[in-house]
Every structure is written in C-alpha cells, then in structure tokens.
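Working notes for the structure below.
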Amino acid sequence: MSEKQYMTIDGIPVEINGEKNILELCQKIGVKMPTFCYHSDLSIYGACRMCMVENKWGGIEAACSTPPRAGMEIKTNTERLRRYRKNILELLLANHCRDCTVCENNQKCKLQELAMRFNIEGVRFPNRAKSTKNDDTSSVCIVRDAGKCILCGDCVRVCNEIQNVGAIDFAHRGSKMVISTAFGKPLAESPCVGCGQCAAVCPTGAIVVKNNIDCVWEALDNPSVRTSVQIAPAVRVAIGKELKCQDGENVMGKIVAALRRMGFDEVYDTTLSADITVMEETAEFIERLENGGKLPLVTSCCPGWIQYAEKKHPEFLENISTCRSPMQMMGSLIKEQNKGAEKKMFHVAIMPCTAKKFEASRPEFMKDGQPDVDAVITTQELILMIKESGLVFDELEPEAVDMPFGAISGAGVIFGVTGGVTEAVLRRVSENKSRAGLLEAANAGQRGMEGIKEFYLPYGERQLHIAVVSGLGNAERVLLRASAGEHFDFIEIMACPGGCVNGGGQPYFSNAKEARSKGLYEVDRMQSIRRSQENPIVNSVYKKIIKDRAHELLHVHYTAKHED
Amino acid sequence: MKASFDFSIVDEILSSYKCSQQAIIAILQDIQEHYRYLPEEVFPYLAKKLGMSEVSIYSIATFYENFSLEPKGKYVIKICDGTACHVRRSIPILERIRSDLGLSESKKTTDDRIFTVETVSCLGACGLAPVLTVNDVVYPEMTPDKASALIAQLKEENANA
C-alpha cells in the first residue's frame, strides 16, 4: 500500500484521496468555495475564477482546475482573494440585468447569493447589461434572457456533454460573446428537446422554466369551468426546503390538501395511469416477444426522449412503445369521463418536467382542437402557486386523492426514478407473486444512479437483454450500439440524469436525485399493493371507462417530423 | 433552398480531410476560399457529415474574425490597421473608402456585392505602411486621395468587365 499523501489548506493538513481537484478537498475541511461554472457532473471549465486559491509563493490558482499534490500549501481566504472575488462579482453585475425583484429566479440566484456573501455594496462600473427584451420565448418549455447570462457555460456543457442535444453553444468572441443557437434561430426551431437541464444548472435567471401559472389561476377562478389536476410521482418528494420540507420527503397528502384549498374540484395521482401504462406496455412487450415484433421495445413515457428520437433518431420511432405517457393517459381518461358534461373540464398536470409542456401541446393529443391536458405546471411553479395562495404548507393536514382514480400501486410510484418503469414491468411479468418475488425484481440490476445499467433476464428459453438509461448522452451511446447490431430486448430511456426526480422542472440542488429516489422507494415500500395488476382501481378503470377502446384512449404513433 | 444547393464542392473538401472533426477549421477555410464566405446551407450538411452539432460549427465560425457568414463583394479591400499602419494614418484612408462606398463598420459589403471593406490587424508589410490589399494585391503607401482614385479605377474596371 502506498503511503498517505497530504496537502495543507488554510493551515489544516488534508489527506489526498484521489480527489480530482483542490475544490473537493476544500469541501472536506468544511470550506464552501464560491463557484459559478463548476458542476461535479460536467467537465471542468475554469472560467468564472471565483474559486481561486493562493499558494505559499503568492501564486493564484483556480481550485476547480488544479489537481491536489502532496505537500501543496494553499489558502482559501486572504485579503487578496477577497478583493479579486469582489472585483469579479462587480464586473459580472455590471453586465447583468439587476431587476432582481421581478426575476423568476429571485432568491434562487447564485449571483445574488454570492453578491450577498461577499458583501457587494456597490458596483463601480456602469451597467452595460444587454437588453432583456430579446427574450427567446419561442419554446413552450423554457425561456432565455441574455441580459441575465454570465457566460459560465453550464448550459452549453449540459446540453452538449450530458444530453448530446447540441442546441446551444457560445457564439462570437470577447465582449460580443453570447449563448446562441445556430444562426441565432429561435429555440423552438433548434434541436432543443425541452428537457430543461440547462435551466436546472443555470446559476442565474438567464434560462428559466416557462411559467404557465396564470392560465391555471384563471381556470380556478372561472365558475363555468370544472378543474381537475394530476400529480406526477416525482413531484411528491421534491417540494423540499422552500416550503419547509425535507429533501426527498413524501408530502403528497399536503400537496393534495393545498390543491383543494386552491380550488381544484378533483385531485388525482398520475401513479394510477402509470399503473395502466405498466399493463399496456407489458402486454405490448410480450406481444412483440412472442410474435417476432420489433425489438428492442423502447419506453415512451419521457417526452424529452421522444423529441430526441424524432429529431435525431427517426429510425428508432418504430421501436418506441405505442403507449401514451402516464400524463397523457390520465388526461385522455379524464376528458373521456367528462365528455358531454355540463361544465367544461380544465385539466392540469403537475410534473417534474419542462418537456411535458411540449407534450401536452402536441397535435397527437388534441381532440376536436382541445388538448387532453390543458396546462402543465412544474414542481417549481406549484411551489410558487402555494406561496402565492398564502397557505402555510408545513401545517396542512394531509388528504387523499379522489375516486374513481384513487388507489395506486408501488410500481407506479417508482416511475419517477430511473429504472422504475423497468422494475414495474418486471413485477408485472414475474411469476413469483410472493414478497421474495418483489425482492428479486428489485435486485435485477435496474436500481441506482448510474447512467447506463444493463442486465439479462431469463424468459422461457431466452435471456432478455435489458438496458436502463438516463441522460440523453447515455441514450445516444446505447442507441449507437443497437444500430451497430447489438441485440437489446427492452430499453428504458429517461432524458434527465437519474430520471424524473432530477427533471428540469424540479427545484435544483446538488444530490437531489439521490434523496428523492430514496423517498420514492420508501413510498413504494409503504404501499400494500406493489404490483400494477393488483391495483383494484386499474381493473375498474378498464371495465368502466376504457372497455374495448384501449387503442384509441391509451396509445399513440409518433412519426418523424424533421426528415430532410 | 436546400435542394438547390450543390454540395459537390463541400463533399470534395470533406473527403480531402477524411471527414475528420479535428479538421473543422481547415474545412471551413477551404469552403470559404471557394464561396468567399460560409453559406448557411453548409452548416447542417457539415454537422451531419462530421457528427458534430450545427451550433458548435456556428460557434467556431463566429469565433474567428476571418470567417464570414455573409457573402462578400467582388473586390475585397483589406485596410491594414496594425500598429505601423495605424500610426501612419490608416484610419483616414478607411474612413474615406467607407464614405466613397457608403459603408460602415456594421455594413461591410455594398448592396450590389461589388465591394467589401474590412480591416486587418497586420499584413506584415509594415515597411510599406499604410498599406491595403484588393483581392490580395498589395497597394503600398496609401493616402485617402490615392484610395479614392483606386476605388474609381476599380469601379470603371468593373463597369467595363
């Protein structure tokens, strides 16, 4: 065994244990370095210079891009460093729109936070912020505002490195540099799939989730409209500190209570339609396996992935399950149930996801010019609405969702985390109906936060090759292997790393996906019914609403849009 | 628009670099040399052939001053504004040429696409300062009046061509 190696930070000896940079070591001794451009999941960029440290010879190095070496001595907080950091902040603020009170990201902004932390009391330079009027509002998912951009490049790296989408990049040079699509086209005409991961990593308000709250309030206030709402699995564990909840804590009951207090007539759980998805998708999978249908079967729940396939891999559209996403199934069922009702039904979906906003607006999900889901709001917007309504969230008494879509299974709940759809399908097909069967399904290999998980599963004489993928860059890797001839039977793809728990519409903080997925698995364990097929409501919905119209109500065919 | 664009030149250039992503700058230079600018149509085509995103090629093309996304004129006039030319009064020459042709810093090419006027940082001919080039032909020791005469001569040449 090699000898332990140490370096000294602020006079404290710290053991070097394979850390890739000094920044991680600083964290180890309880120093939180200021950063804009550093994200542990992204490549190191070293642009913002906020994390500078001073070495024993008075040299200045960026902690994020300097690997630790034995015997190194650095200081993280000196008069000179404080002066430099203040200077950087002032320069950034001189180029930044400072209308904080009307910013979507007010109080969630890293620039605001660091300006406060470093006690910036004035900016010596004239403000040269670009006009905020050149907002790009073309996308239904996210909004960009160049006036608030600090050019840290986080969005560029997540869009290119993690998601392989390549919608945005730096353009021009020096003081003219901006984040841009190719030829400055509107985002809606770019390869953007609406996953919202750029908005999640943006330290300021330069990229934010498109806000659709107003039309929801309007419907709630309209006495001639009946309102219903569905809540996606991943939302219940993501409310977090902003409303005084623990990260990953399941607060579904409180959300239901809050929505009723706001005036929703009917409150439902998307988990129920996730259970129906399991039934339909499993049937489709077995049908394809038995009758030599197109394999691999690729999941269809994630609208970011659907757009990615349409724009970049139309050759895989035939592989995608024809099942609508749980959100669209629920929307379709609710609209079907209220057909011919006296009052018009306005249906809202609360999602962890920005791309769902696009999905709801797709022509495939319109009936007579009316969308099945009238509005999609993200968890972030739900938090805003709860705050706006004045409800003291942490004191609300939990309530249950409404019938006829009342009961859920644990299998539907875990849709919110990568591997969840696969596990739900495994529970459906597994012959073993005991508790041991559940454990067997849990340990098959689909759990965990790795971007690509693969395993084999016996099915009759065959060994099924199953892949569980999250992050579109990982999806690209697996699809390339499939294109090259490697055989897969089933691929679950979620656009966001970690699945919906880490969706672009969720409140952002580091390690969120671990805490939230733990929360969802806990909800699953606490259910008496953990297999979709055992959910009595699933059977009654099939009998009373779907009947023989499953194809019309629950399925969809996507066709290539961007062929050239 | 796409259908009418002939990609055979681009294909030739791409194959001479074996469709290598690393050669993107050289590829763009060759394309610009042929078309005298980078036509928008080639970006999605290059993206597909090189397996990189269109926006990253756009990023490279806008980073370097030398690449132009706008069609250039028949006569590309480059006025040197390096240190030697600058101190020997290159700016009045630039201003004169711009006013003769109705151009400005943001409008670099005449509407009839005959003239493009741009500055360069140094042509490496400091002994001849102030210097300018027209389609890579060097005109040494210029003055605003000599520049005006040159423009008039080029206009006439173009009219007779």
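The values are calculated or read from the model by the stated rules, or taken from the named source; none is laboratory data. Everything quoted here is computed from the prediction, not taken from an experiment. Here the Cβ positions follow ideal geometry from the backbone for every residue, glycine too, while neighbour counts run over all protein chains shown.
It is to be established whether one or more residues within region A:134-152 are of a type outside the set (Asp, Glu), touching a residue at least 60 places away in the same chain (Cβ under 8 Å) and within 14 Å of chain B (Cβ to nearest Cβ). Break it down into steps so the answer makes sense when it comes.
Residues of region A:134-152 that are of a type outside the set (Asp, Glu), as a first pass: A:134, A:137-144, A:146-152.
Now narrow it down to the ones that are touching a residue at least 60 places away in the same chain (Cβ under 8 Å): A:137, A:139-144, A:146, A:150-152.
So of that shortlist, the ones also within 14 Å of chain B (Cβ to nearest Cβ) come out as A:144, A:151.
The answer is yes; a qualifying residue exists.
Name the single residue, out of those in region A:333-359 being small (Gly, Ala, Ser) and modelled with pLDDT under 95, that is nearest to residue A:404 (Cα to Cα). Explain how you work it out, then say what you get.
Here is the first cut: in region A:333-359, the residues small (Gly, Ala, Ser) are A:340-341, A:349, A:355.
Restricting the remaining residues to those that are modelled with pLDDT under 95 gives A:340-341.
Values: A:340: 18, A:341: 16 Å.
Selected residue: A:341.
Hey, does region A:468-486 have a residue that's touching a Lys or Arg at 6+ places or on another chain (Cβ under 7 Å) and in the same structural domain as residue A:421 (by TED's automatic domain parsing)? Walk me through it before giving the result.
Of all residues in region A:468-486, those touching a Lys or Arg at 6+ places or on another chain (Cβ under 7 Å) come to A:468.
From what's left, in the same structural domain as residue A:421 (by TED's automatic domain parsing): A:468.
Yes - at least one qualifying residue is present in region A:468-486.
Residue check, residue A:290 against (1) modelled with pLDDT under 95; (2) in contact with a Leu (Cβ under 9 Å, 6 or more places away or on another chain), all met but one. Which one?
Failed condition: (2).
Across region B:49-82, which residue is nearest to the other protein chains (Cβ to nearest Cβ) among those that are in a loop (DSSP other than H, G, I, E, B) and of a type in the set (Asp, Glu)?
We begin by selecting, within region B:49-82, every residue in a loop (DSSP other than H, G, I, E, B); these are B:51-53, B:64-74, B:81-82.
Keeping just the survivors that are of a type in the set (Asp, Glu) gives B:65, B:70, B:81.
Working: B:65: 8, B:70: 12, B:81: 17 Å.
Among residues in region B:49-82 that are in a loop (DSSP other than H, G, I, E, B) and of a type in the set (Asp, Glu), the one nearest to the other protein chains (Cβ to nearest Cβ) is B:65.
Please pick out the residue among A:60, A:29 that is surrounded by fewer than 16 Cβ atoms within 10 Å (Cβ to Cβ), touching a Leu at 6+ places or on another chain (Cβ under 9 Å) and among the hydrophobic types (A, V, I, L, M, F, W, C). If you could, list the steps in order and put the result at the bottom.
Details: A:29 fails: touching a Leu at 6+ places or on another chain (Cβ under 9 Å).
Only one candidate passes the filter, namely A:60.
Regarding residue A:244, is this residue farther than 30 Å from residue A:397 by Cβ and either free of Cβ contacts under 8 Å to residues at least 24 places away in the same chain or charged (D, E, K, R) (or both)?
Spelling it out, it is not the case that residue A:244 is farther than 30 Å from residue A:397 by Cβ and either free of Cβ contacts under 8 Å to residues at least 24 places away in the same chain or charged (D, E, K, R) (or both).
Which pairs turn up if I take residues in region B:119-136 that are closer than 18 Å to residue B:65 by Cβ and look for partners that are among the basic types (Lys, Arg) with beta carbon separation below 8 Å, at least 6 apart in sequence or on another chain?
Matching pairs, first to second residue: B:119/B:78; B:120/B:78; B:123/B:78; B:132/B:78; B:133/B:78.
Taking residue B:31, is it of a type in the set (Val, Ile, Thr), in contact with a Pro (Cβ under 9 Å, 6 or more places away or on another chain) and either within 13 Å of chain A (Cβ to nearest Cβ) or within 24 Å of residue B:157 (Cβ to Cβ) (or both)?
Working: of a type in the set (Val, Ile, Thr): yes; in contact with a Pro (Cβ under 9 Å, 6 or more places away or on another chain): yes; either within 13 Å of chain A (Cβ to nearest Cβ) or within 24 Å of residue B:157 (Cβ to Cβ) (or both): no.
Spelling it out, it is not the case that residue B:31 is of a type in the set (Val, Ile, Thr), in contact with a Pro (Cβ under 9 Å, 6 or more places away or on another chain) and either within 13 Å of chain A (Cβ to nearest Cβ) or within 24 Å of residue B:157 (Cβ to Cβ) (or both).
How do the pairs read when you match residues in region B:66-83 that are at positive phi with residues anywhere that are surrounded by fewer than 21 Cβ atoms within 10 Å (Cβ to Cβ) and part of a loop (DSSP other than H, G, I, E, B), using Cβ under 8 Å and keeping only pairs 6 or more apart or on different chains?
Filtered contacts from region B:66-83: no entries.
Conditions first: (1) out of contact with any helix residue (DSSP H, G or I) (no Cβ under 9 Å at 6 or more places or on another chain); (2) closer than 24 Å to residue B:31 by Cα. Residue B:159 passes all but one, so which condition is the exception?
Against the list (1) out of contact with any helix residue (DSSP H, G or I) (no Cβ under 9 Å at 6 or more places or on another chain); (2) closer than 24 Å to residue B:31 by Cα, residue B:159 comes up short only on (2).
Regarding residue A:415, is this residue in contact (Cβ under 8 Å) with a residue 40 or more places away in the chain and in a loop (DSSP other than H, G, I, E, B)? Give the derivation first.
Values: in contact (Cβ under 8 Å) with a residue 40 or more places away in the chain: yes; in a loop (DSSP other than H, G, I, E, B): no.
It is false that residue A:415 is in contact (Cβ under 8 Å) with a residue 40 or more places away in the chain and in a loop (DSSP other than H, G, I, E, B).
Take the conditions of a type in the set (Lys, Arg) and buried (at least 20 other Cβ atoms within 10 Å of the Cβ) and apply them to residue A:324. Does it pass?
Numbers: of a type in the set (Lys, Arg): yes; buried (at least 20 other Cβ atoms within 10 Å of the Cβ): yes.
The answer is yes for residue A:324.
I need the full set of residues from region A:281-312 which are buried (at least 21 other Cβ atoms within 10 Å of the Cβ), in a helix (DSSP H, G or I) and aliphatic (A, V, I, L, M), in order please.
Correct list: A:306, A:309.
Within region A:527-548, how many residues turn out to be in contact (Cβ under 8 Å) with a residue 12 or more places away in the chain and part of a loop (DSSP other than H, G, I, E, B)?
Total meeting the criteria: 5.
Could you figure out which of (1) within 14 Å of another protein chain (Cβ to nearest Cβ); (2) of a type outside the set (S, T, N, Q); (3) crowded, with 16+ Cβ neighbours inside 10 Å isn't true of residue B:44?
(3) is the only condition that residue B:44 fails.
Among the listed residues A:147, A:122, A:205, identify the single one that is at pLDDT below 95 and part of a helix (DSSP H, G or I).
On the way: A:122 fails: part of a helix (DSSP H, G or I); A:205 fails: part of a helix (DSSP H, G or I).
Exactly one residue qualifies, and that residue is A:147.
Strands (runs of 3 or more DSSP E) wholly in region A:1-69 with at least 1 residues that are within 27 Å of residue A:92 (Cα to Cα) and outside the structural domain of residue A:509 (by TED's automatic domain parsing) - which ones? Lay out the reasoning, then the answer.
On the way: elements: A:5-9, A:12-16, A:52-55, A:60-62.
Here the list reads A:52-55, A:60-62.
Only one of these is crowded, with 24+ Cβ neighbours inside 10 Å, of a type in the set (A, V, I, L, M, F, W, C), assigned by TED's automatic domain parsing to the domain that holds residue A:489 and not in a helix (DSSP H, G or I): A:229, A:235, A:278. Name it.
Every option except A:229 fails the conditions.
Among (1) crowded, with 24+ Cβ neighbours inside 10 Å; (2) over 17 Å from residue A:161 (Cα atoms), there is one condition residue A:496 misses while meeting the rest; what is its number?
Checking residue A:496 against (1) crowded, with 24+ Cβ neighbours inside 10 Å; (2) over 17 Å from residue A:161 (Cα atoms), the one that fails is (2).
If we keep just the residues of region A:166-201 that are facing chain B (nearest Cβ under 8 Å) and either β-branched (Val, Ile, Thr) or not in a loop (DSSP other than H, G, I, E, B) (or both), which is surrounded by the fewest Cβ atoms within 10 Å (Cβ to Cβ)?
Checking each candidate, the answer is A:183.
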